[in-house]
Amino acid sequence: MMSFSTSLILASGSSARRMLLENAGLTMQARPVDLDEEALRRSCEAQGQTLSETAIALADAKANLATRDVGFEDLTVAADQILDLDGVAFAKPGSVAEAGEHLRRLRGRTHVLRTAVVLYKGGEKIWEHLASPRLTMRKFSEAFLEAYLEREGAAILSCVGAYRLEGTGIQLFSAVEGAQDAVLGLPLLPLLEELRRLKAISA
C-alpha cells in the first residue's frame with residue numbers, strides 16, 4: 001500500500017468509493033457523515049443552481065462535516081453524484097417498486113451522472129473536480145425488469161438510478177461513455193493526480 005505523508009479521510013460510508021481508493025493502493029479512514037441531502041438539494045434548486053453546482057455543494061457539505069476535529073495537514077475526500085435526465089434529478093429510490101418506476105423512466109434514454117469530488121486540507125477546500133459520464137439504457141423488456149428487480153432487491157435502494165454497474169445492472173445499458181470510476185461515484189484519476197501534486201503520495 002502507498003503511504004501518505006498526511007492522514008486521508010473519506011467522508012463517505014460508500015463501499016464503492018472505499019473500494020476504488022483501496023484498489024488503487026491507498027489507505028484511509030472512512031468517516032460517514034449525517035447530512036440531510038434532500039434538504040440541501042431543495043435549497044440549491046431554490047437558489048437556481050445547476051445540477052453540477054448542486055453535486056459540488058453536496059460534496060462540500062459532506063467534507064465540512066467530516067473535517068471537524070481534523071489536523072491542519074489532514075486531507076479529506078468527499079464526493080457526491082446526481083443523476084441528471086434532461087435536467088431532472090433522480091434521488092435514491094425509497095422502495096423496490098419506486099426503483100422500477102425510475103428504471104422505466106430511464107429505459108431507452110440517455111442520462112448524465114454529475115459526479116463531484118472535493119479535497120479539503122484541514123478545514124479548507126483546496127480542490128474540486130466534476131465528471132459527467134453519459135449512460136444510455138437499452139429498451140429492456142418488462143420481463144427483464146421484473147427479474148432484475150427481484151434479483152437485486154434492496155441492494156439497489158442505496159444507488160441513484162437503481163443500478164450497480166459493478167453487478168447485474170450493467171445489463172440495463174447499451175452504452176456507457178466516461179470513466180468507470182466516475183460512474184461508480186469517485187473520479188479517481190484526477191484525484192490521484194492532485195494527491196501527487198500535493199506530494200501526499202509518491203509521484
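None of the figures in this text is laboratory data; all of them are computed from the coordinates on show. These figures come from a predicted structure and were not determined experimentally. With ideal geometry, Cβ positions are generated from the backbone for all residues, glycine too; neighbour counts draw on all protein chains shown.
Applying 1/(1 + (r/R0)^6) with r as the Cβ-Cβ distance of Thr136 and Phe72 and R0 = 45 angstrom yields a FRET efficiency of 0.50. Pairs of Lys residues in the chain that lie 8 or more places apart, or on two chains, and have C-alpha atoms under 17 angstrom apart add up to 4. Think of the chain as having a plus end and a minus end, set by charges on the Cβ of Lys, Arg, Asp and Glu; of Leu184, Ala203, Thr54, Ala203 sits farthest toward the positive end of this dipole. Taking every Cα-Cα distance in the chain and sorting them into 10 Å bins starting at zero, the pair-distance distribution P(r) comes out as 9, 35, 34, 18, 5, 0 percent. Based on Cα contacts under 8 Å between residues 6+ apart, the range 8-197 shows a relative contact order of 22 percent.
Summing Lys, Arg as +1 and Asp, Glu as -1, what charge do residues with Cβ under 14 Å from the Cβ of Glu152 carry, Glu152 excluded? Combined, the nearby Lys, Arg, Asp and Glu give -1. Along the charge dipole of the range 132-203, which of Gly169, Ser132, Ala143 sits closest to the positive end, that is, farthest toward it, with unit charges on the beta carbon of Lys, Arg, Asp and Glu (+1, +1, -1, -1)? Final value for the positive-end residue is Ser132.
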